[in-house]
Amino acid sequence: MHASDKLPRHVAIIMDGNGRWAARRGLPRLRGHEEGAESVIAALRVCRDRGIRYLTLYAFSAENWRRPRTEIAGLMGLLRRFLHNREAELHRDRVRLRVIGRLADLPADVRRDLRRVIEGTSSYRNYHLILALSYGGRAEIVDAARGLAMAAVEGRLDPARLNERVFRRFLYAPDVPDPDLMIRTSGEIRLSNFLLWQLSYAELYFTPTLWPDFREKEFAEALAEYARRQRRFGALA
Ligand code: FPP
């Protein structure tokens, strides 16, 4: 077997534990998110160095709108800073930025910055950074079902011909291959409404490490664990 057969093509991450990282140090929660943004940069580096072409990050869930206004504003500011500071690197490494989620929920200035980078990097094919923003897995499936129903009503789709391949075309990023590996940090062992359709066959990796502490070494450990697992997709070995 070729070494790259054991490398995931697509890694999806639930970046959890920023708040606890900060609380343990007596720091405000936003400091945890800031340190978490450094881990995002480290994860991108690992993907580039290893040739992992797709990285999806759960940066803001549909449920995160329930957090205090100041924390939401802090996270949105951090996202804008990330886009501003990292734009040149995304171009250098030919990383295509994409977003999944209900983008319309985001503040106008964040949407504008996202649109600039999304459009500016849209021709790149080497690497894909996919940010899940105002994202919910069930909402994605409902949005797909709505799109499908509309297509059927308008006569563009015959319901009798509906199958998984057709359904997938209505998801937020239909051309992105399903994640091979899903990582969740901070010891929580849940999917929390993340990529419910796409994670059907993914290897799941849970680690007690908090996201701000999840850097190159920790990512390498997750990849080593992935390489040890045997994926069978329901077939016999
Ligand atoms: C979960 O930790 C993390 C988030 C809700 C936000 C994730 C955001 C970042 C890592 C930074 C910005 C992202 C980019 C792409 C620049 P938590 O706050 O739920 O932690 P807790 O469970 O310990 O409270």
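Numbers at a glance
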{"read-out": "Those residues of the stretch 68-85 which are farther than 23 Å from Leu44 by Cα and either of a type in the set (D, E, K, R) or buried (at least 16 other Cβ atoms within 10 Å of the Cβ) (or both), in sequence order", "value": "Arg69, Glu71"}
{"read-out": "Some residue of the stretch 107-126 being touching a Ser or Thr at 6+ places or on another chain (Cβ under 6 Å) and at pLDDT 95 or above", "value": "no"}
{"read-out": "Filter result (within 25 Å of Trp21 (Cα to Cα) and within 15 Å of the chain's Cα centre (by Cα)) within the stretch 175-194", "value": "Leu181, Met182, Ile183, Arg184, Thr185, Leu191, Ser192, Asn193, Phe194"}
{"read-out": "Yes/no for Met150 being closer than 16 Å to Tyr54 by Cα and among the aliphatic types (A, V, I, L, M)", "value": "no"}
{"read-out": "Failed condition for Phe233, given (1) among the aromatic types (Phe, Trp, Tyr); (2) out of contact with any Asp or Glu (no Cβ under 9 Å at 6 or more places or on another chain); (3) modelled with pLDDT of 95 or more", "value": "(3)"}
{"read-out": "Residues (farther than 26 Å from Leu157 by Cβ and within 16 Å of the ligand (Cβ to nearest atom)) located in the stretch 116-145", "value": "Arg116, Val117, Ile118, Thr121, Tyr127, His128, Leu129, Leu131, Ala132, Leu133, Ser134"}
{"read-out": "Single residue of the stretch 18-62 satisfying the filter (among the small types (Gly, Ala, Ser) and under 16 Å from the mean Cα position of the chain (by Cα)) that is nearest to Leu181 (Cα to Cα)", "value": "Ala43"}
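The values are calculated or read from the model by the stated rules, or taken from the named source; none is laboratory data. What you see is a predicted model, and the numbers here were worked out from it, not measured in a lab. When we count neighbours, we look across all protein chains shown, and the Cβ atoms used for this are built from the backbone with ideal geometry, even at glycine.
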